[in-house]
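What follows is a set of notes on a single structure, which appears directly below.
The values are calculated or read from the model by the stated rules, or taken from the named source; none is laboratory data. Quick caveat, the model's predicted, so the values are computed rather than measured. Counting neighbours? That spans all protein chains shown, and the Cβs are built from the backbone with ideal geometry, glycine included. The accessibility values were calculated without ligands, DNA or RNA, using every heavy atom of the protein model including side chains. Shrake-Rupley method; radii C 1.70, N 1.55, O 1.52, S 1.80 Å.
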Amino acid sequence: MSPASPIRIRPIEARDDAAIATIIRTVMPEFGACGSGFAINDPEVDWMHRAYAEPRSAYFVVERDHGDGQWVVEGGGGVAPLAGGDAGTCELRKMYFLPSLRGLGAGAALMARCLEAARGFGFARCYLETLTGMDAAMRLYERSGFRRIDHAMGDTGHGGCNTFYLRELGDA
C-alpha cells in the first residue's frame with residue numbers, strides 16, 4: 001500500500017483477537033457459513049494471535065484509517081501448514097473483510113503479503129477452501145494465481161466448504 005493509503009497491513013497482536021473474532025463471526029454468516037464444518041466454529045477464532053505464533057504460521061490484520069488518524073481492524077488473513085498435508089503445502093486461512101473494507105485493494109495487498117510469508121516459510125504450494133457464493137473472493141484467488149482443483153486436501157475440518165484452490169509458490 002502507498003504511504004498515503006488509508007489501509008495498512010501488520011502482523012496480528014493479542015489486542016486484535018476480539019476484533020478478528022467479531023469480523024469472522026460477522027462475515028461468515030453473510031455467506032451461509034455458520035453451521036458445523038466451517039471456520040467460524042474453530043477454537044482458534046478467539047485467540048488468533050496465539051494460534052498463528054506457531055512455527056511456519058502468520059496472520060495479518062488489515063486496518064483502515066477512517067480519516068481521523070484512528071486505525072480500525074476491518075479484516076485479516078493468514079497462512080499456516082496444511083493440517084494433514086505434506087510439509088511443502090500451506091493453507092491460506094481465515095481471510096475475511098468487513099464490507100467497509102471491500103473494493104479498496106486490501107484483498108490483493110493482503111494476498112501478496114500472505115504468499116510472501118508462505119514463500120519465506122519454505123512452502124512450495126498454497127491451498128485454500130471456500131464456498132460457492134463467495135464470488136469476489138474466488139475472483140481474487142484466480143487473479144492471484146490460484147487454480148481450482150476438484151478435491152479437498154489435508155484435514156482442515158471444514159467439511160462445509162465446497163470449492164478448493166491450489167497455487168504453486170515458485171512464481172511470484
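For segment 106-125, give me each residue that is of a type outside the set (A, V, I, L, M, F, W, C) and open to solvent by 40 Å² or more (accessible area, probe 1.4 Å).
113, 116, 119, 120, 122, 125
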TODO: All but one of (1) at pLDDT 95 or above; (2) surrounded by fewer than 18 Cβ atoms within 10 Å (Cβ to Cβ); (3) of a type outside the set (Lys, Arg) hold for residue 90, so report the exception by its number.
DONE: (2)
TODO: Can you run down the residue pairs with Cβ atoms below 8 Å, 6 or more apart or on separate chains, where the first is in segment 84-100 and without any contact (Cβ under 8 Å) to a residue 60 or more places away in the chain and the partner is part of a helix (DSSP H, G or I) and surrounded by fewer than 16 Cβ atoms within 10 Å (Cβ to Cβ)?
DONE: none
Task: Selection count, segment 143-164, where residues are free of Cβ contacts under 8 Å to residues at least 40 places away in the same chain and out of contact with any Lys or Arg (no Cβ under 8 Å at 6 or more places or on another chain) - done: 7
- [ ] Among the numbered conditions (1) closer than 23 Å to residue 43 by Cβ; (2) surrounded by fewer than 16 Cβ atoms within 10 Å (Cβ to Cβ), tell me where residue 99 comes up short.
- [x] (1)
Open item on the list: Please go through segment 67-82 and give me each residue that is open to solvent by less than 50 Å² (accessible area, probe 1.4 Å) and in contact (Cβ under 8 Å) with a residue 60 or more places away in the chain, ordered by number.
Closed with: 76, 78, 82
Task: Residues located in segment 8-53, provided they are surrounded by fewer than 16 Cβ atoms within 10 Å (Cβ to Cβ), part of a helix (DSSP H, G or I) and at pLDDT 85 or above - done: 14, 15, 18, 22, 25, 26, 46, 47, 50
TODO: May I ask you to say which residue of 148, 167 is open to solvent by 20 Å² or more (accessible area, probe 1.4 Å) and over 19 Å from residue 76 (Cβ atoms)?
DONE: 148
Task: strands (runs of 3 or more DSSP E) contained entirely in segment 75-172, each with at least 1 residues that are on the phi > 0 side of the Ramachandran plot - done: 89-97
